[in-house]
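The values are calculated or read from the model by the stated rules, or taken from the named source; none is laboratory data. Quick caveat: nothing in here was measured; it's all calculated off a predicted structure. Backbone-built Cβ (ideal geometry, glycine too); neighbour counts: all protein chains shown.
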Amino acid sequence: MDTNTAFDWNSTISNAEETNEYKPLPEGDYEFVINAVTKKMFNGSAKMPACPQASIEVHVDDPNTGRTVPVFSNLFLCSSQEWKLAQFFKSIGVMSADDKQLRMRWDIEGEKGVCHIGPREYNGKVYNDIKKWLLPKKEEIDPDDLPF
């Protein structure tokens with residue numbers, strides 16, 4: 001039974017305890033689905049120029065609870081981050097290891113891949129951080145399926 005119901009703008013709420021306490025995922029490799037891509041502009045820093053920024057929201061399954069968990073990552077569209085952009089597009093199968101170039105496309109909601117998630121501490125809190133976008137696993141071919 002779904003107990004999550006919508007409020008209207010004039011609903012009364014109670015001071016209920018938070019029931020969805022955030023807990024970081026255990027470090028490891030996770031299959032993901034891209035839920036959203038938000039295009040932004042990064043204003044620049046001492047280490048990176050002002051450039052377009054893609055905020056990626058992926059969903060992974062928490063092995064402890066079975067719940068789907070959103071994990072966020074930022075991709076910066078600049079030459080110093082080209083390796084990470086290529087790693088990302090390879091992880092979702094849009095770019096192959098043999099491709100020398102790729103025109104990036106951002107209509108990728110629903111694409112699937114695998115990433116390595118680990119903890120990142122910021123301002124005393126621990127967050128899920130995508131440490132690496134992983135290459136898709138190659139499908140093994142059963143010799144019995146070959147036509148010869």
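Observations on the structure shown:
- Cβ-Cβ under 6 Å pairs, at least 6 apart or on other chains, region 121-132 side within 17 Å of E57 (Cβ to Cβ) and in contact (Cβ under 8 Å) with a residue 24 or more places away in the chain, far side surrounded by 10 or more Cβ atoms within 10 Å (Cβ to Cβ) and of a type in the set (S, T, N, Q): I130/S73
Residues are listed down the side, and each one gets a yes or a no for (1) acidic (D, E); (2) modelled with pLDDT under 95; (3) in contact with a Lys or Arg (Cβ under 8 Å, 6 or more places away or on another chain); (4) surrounded by 13 or more Cβ atoms within 10 Å (Cβ to Cβ):
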{"site": "S55", "(1), (2), (3), (4)": "no, no, yes, yes"}
{"site": "I108", "(1), (2), (3), (4)": "no, no, no, yes"}
{"site": "G113", "(1), (2), (3), (4)": "no, no, no, yes"}
{"site": "G118", "(1), (2), (3), (4)": "no, no, yes, yes"}
{"site": "G124", "(1), (2), (3), (4)": "no, yes, no, no"}
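- Looking only at region 73-114, and only at residues there that are among the aromatic types (F, W, Y) and either part of a loop (DSSP other than H, G, I, E, B) or out of contact with any helix residue (DSSP H, G or I) (no Cβ under 9 Å at 6 or more places or on another chain) (or both), the one that is nearest to I130 (Cα to Cα): F88
- Within region 18-68, tally of residues that are charged (D, E, K, R), over 16 Å from P119 (Cα atoms) and touching a residue at least 60 places away in the same chain (Cβ under 8 Å): 2
- Qualifying position, being among the polar types (S, T, N, Q) and touching a Phe, Trp or Tyr at 6+ places or on another chain (Cβ under 7 Å), among Q101, Q87, Q81: Q87
- For region 47-67, filtering for residues that are part of a loop (DSSP other than H, G, I, E, B) and within 19 Å of K84 (Cα to Cα) leaves 4.
- Taken over region 73-94, the criterion of being more than 24 Å from K137 (Cβ to Cβ) and touching a residue at least 12 places away in the same chain (Cβ under 8 Å) is satisfied by N74, F76, L77, C78, S80, Q81.
- V126 meets each of the listed conditions (1) within 11 Å of the chain's Cα centre (by Cα); (2) over 18 Å from F32 (Cβ atoms); (3) β-branched (V, I, T) apart from (1).
- Qualifying residue in region 34-42 (condition: within 18 Å of P136 (Cα to Cα) and among the β-branched types (V, I, T)): yes
- The single condition among (1) touching a Pro at 6+ places or on another chain (Cβ under 7 Å); (2) surrounded by 15 or more Cβ atoms within 10 Å (Cβ to Cβ); (3) in a strand (DSSP E or B) that M41 does not satisfy is (2).
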